[in-house]
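*Asks:* Can you read through this structure? Questions will come right after.
The values are calculated or read from the model by the stated rules, or taken from the named source; none is laboratory data. All values derive from a computational prediction rather than experimental measurement. Virtual Cβ from ideal backbone geometry, glycine too; neighbours counted across all protein chains shown. Areas reflect the complete protein model, heavy atoms only, side chains present, ligands, DNA and RNA absent. Shrake-Rupley method; radii C 1.70, N 1.55, O 1.52, S 1.80 Å.
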Amino acid sequence: MGRSDRGDLKRNDMTAPILAWLVPHQAKPAHQSRPVAKRLGLGLDRVIINLDRYGNTVAATIPIALSEWNERGRFAHGDRVVLSAFGAGFTSGSVFLRWATV
């Protein structure tokens, strides 16, 4: 979620308080996730950060974070999660999902 992160939520009739987790792509130090969390009104306790443990894992950042949180039982059925990534050339994208357990 970049410059229009609040706009993305608004366009989808969502507000930050309904989000359980934000999973950002982490190519740079974790402190760069703080401004995004702040703009969204999320506490850092709701932002999944793993850069400190694995470094920049490029395209695998978000899948590793999801796998790790799932293995630890941190997700609850129905949790609302936003995955947010960026890449070269100022490309970016986000996806909203609800976690389902089987």
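*Asks:* Residue by residue, what Karplus-based ³J(HN,Hα) values in Hz, rounded to whole numbers, does the stretch 48-62 have, using 6.51, -1.76 and 1.60 with θ = phi - 60° and x for Gly and Pro?
*Replies:* 7, 10, 10, 4, 5, 9, 10, x, 7, 9, 6, 5, 8, 3, 5
*Asks:* Next up: Using the Karplus equation 6.51 cos²θ - 1.76 cosθ + 1.60 (θ = phi - 60°), what ³J(HN,Hα) coupling, rounded to whole Hz, does each residue of the stretch 83-95 give in order, writing x for Gly and Pro?
*Replies:* 9, 9, 9, 9, x, 4, x, 6, 7, 7, x, 9, 9
*Asks:* Take the Cβ-Cβ distance between N56 and L97 as r, set R0 to 22 Å, and report the resulting FRET efficiency rounded to the nearest 0.05.
*Replies:* Working: r = 24 Å, r/R0 = 1.07.
Efficiency computed from Cβ-Cβ geometry: 0.40.
*Asks:* Another question about this same structure. How large a share of the accessible area of the chain, in percent, is made up of carbon and sulfur atoms when the probe is 1.4 Å and the other protein chains stay in place? Each step should come with its number before you reach the end.
*Replies:* Details: 3510 of 6300 Å².
Ligands and nucleic acids excluded, carbon and sulfur give 56 percent.
*Asks:* Suppose the chain between R34 and E71 were pulled fully straight at 0.36 nm per residue; how much longer would it get relative to their current alpha carbon spacing?
*Replies:* Extending this stretch completely gives an extra 10.8 nm.
*Asks:* Anyone know which of V58, V47, V36 comes out most mobile in the 10 Å Cα GNM of the chain?
*Replies:* Among V58, V47, V36, the largest mean-square fluctuation in the Gaussian network model of the chain belongs to V58.
*Asks:* Follow-up. Just how much of D79 is accessible, in Å², when a 1.4 Å probe is used and the result is rounded to the nearest 10?
*Replies:* About 30 Å², rounded to the nearest 10.
*Asks:* So, one more: So what is the relative contact order for the chain, in percent, with contacts set as C-alpha pairs under 8 Å and at least six apart?
*Replies:* 31 percent
*Asks:* Between H25 and residues 5 or more places away or on another chain, which pairs have amide H atoms under 5 Å apart, with H built 1.01 Å from N, and which residues are they?
*Replies:* For H25, whose amide H was placed from the backbone, the distant partners under 5 Å are S84, A85, F86.
*Asks:* Viscosity 1.306 mPa s, temperature 10 °C: give me the Stokes-Einstein translational D for the chain in µm²/s, with Rh taken as the Kirkwood radius over C-alpha pairs.
*Replies:* In µm²/s, the coefficient rounds to 114.
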